[in-house]
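We did not get these values from a lab; they are worked out from the coordinates using the rules stated. These numbers were taken from a predicted model, which means no experiment stands behind them. In this analysis, Cβ positions are derived from the backbone assuming ideal geometry, glycine residues included, and neighbour counts consider all displayed protein chains.
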Amino acid sequence: MKLQNKKTIKAVIWDLDGTILDTTELILGSYRYSFRKVLDRDIADEEALGNFGITLKDIMTGYSPEKAGELIEAYREYNHAHHDELVSVFPGILDALANIHRRGFPQAVVTSKTEWLTCHGLELFGLDGFIDTIVGFESTEIHKPNPEPLLEALKKLEIEADEAIFIGDSRADVECAISAEVAFVAAMWGPNPVFMAECHAWRRIEDPRDLLLILPRKGPKKII
């Protein structure tokens, strides 16, 4: 990743689960429910957390190619039923998104989650007005950790790789950023702080509002 010649930052790209939204309890509950219902066994929380950032199809196919469809159906059954009660927004996210928007920086979300559920989660907490574009599961043929979703976001934002930063919380986010040659900012408030402390990152931040110390005072967008 060529960061030493980094241009002025023109856009901020976010992961969703574990970075903007705290979905840990929802995801763990969805795993427990689907594994017990379909496979009649449990899954360790640590193992489930290690799957953050990867598509549900790839995850469930890895556990049981024959029953992947049933696992996905059961996972979504629990996830959709309990989404609004178990999801929360991380402290500092609203302030960070709002102030980055006010400074004139376009913002995008790159996630392996479906676009509908991504929009719903953002709208639930009044965050949707700060996001200019979303790259979700349906947006690309290949998903994180492949760089294609991040490259698609750059294309939609009409910027180069060295003009963006990507904030994430998982191994898949790190690998995606490295492959796309986008500066990775480690979200230390997410569910994987130990890995984030050791991963290859351009910056590590303890609070989303720390981004305001990294970004220039004015972005490329004209705010009316």
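Annotations
- According to the Kirkwood relation over distinct C-alpha pairs, the hydrodynamic radius of segment 72-165 is 14.6 Å.
- For W116, the shell of other residues with beta-carbons less than 13 Å away shows a net charge of -2, using +1 for Lys and Arg and -1 for Asp and Glu.
- Qualifying GluC sites (Glu not before Pro) for segment 48-112 [loop in DSSP, other Cβ within 10 Å: at most 16]: E66
- Around the Cα centre of the chain, unit charges on the Cβ atoms of Lys, Arg, Asp and Glu (plus for the first two, minus for the last two) sum to a dipole of about 1020 debye.
- Eigen-decomposition of the gyration tensor built on the alpha-carbon atoms of segment 85-224 gives equivalent ellipsoid semi-axes of 20, 18, 18 angstrom, largest listed first.
- Going by neighbour counts of Cβ atoms within 10 Å, the residues W202, W14, W116 line up, fewest first, as W116, W202, W14.
- The Cα center of segment 192-224 and the Cα center of segment 54-71 differ in position by 33 Å.
- Of the beta bridges in the chain, as assigned by DSSP with both residues counted there, near 10 percent are antiparallel.
- Note on the chain: Lys pairs 8 or more places apart or on different chains, Cα atoms under 16 Å apart, count 12.
- Based on the convex hull around the alpha carbon atoms, segment 155-199 presents an average projected area of 3.2 nm².
- Positive dipole terminus of the chain, leading residue within T55, L28, Y75 (C-beta point charges): T55
- Summed side-chain charge close to L86 - residues other than L86 whose Cβ falls under 15 Å, Lys, Arg +1, Asp, Glu -1: -4
- For peptides 125-134, 167-176, sequence by mean Cβ density within 10 Å, most packed first: 167-176, 125-134
- Helix axis angle, 148-157 relative to the chain longest principal axis, alpha carbon, degrees: 40 degrees
- Put simply, the C-alpha atoms of segment 2-132 give a gyration tensor, and the ellipsoid matching it has half-axes of 32, 17, 12 Å, longest first.
- Kirkwood hydrodynamic radius (C-alpha pairs) into Stokes-Einstein, segment 35-100, 25 °C and 0.890 mPa s, D in µm²/s: 176 µm²/s
- Taking A11, A98, A108 as the candidate residues, the one with maximal mean-square fluctuation in a Gaussian network model of the chain, Cα springs under 10 Å, is A98.
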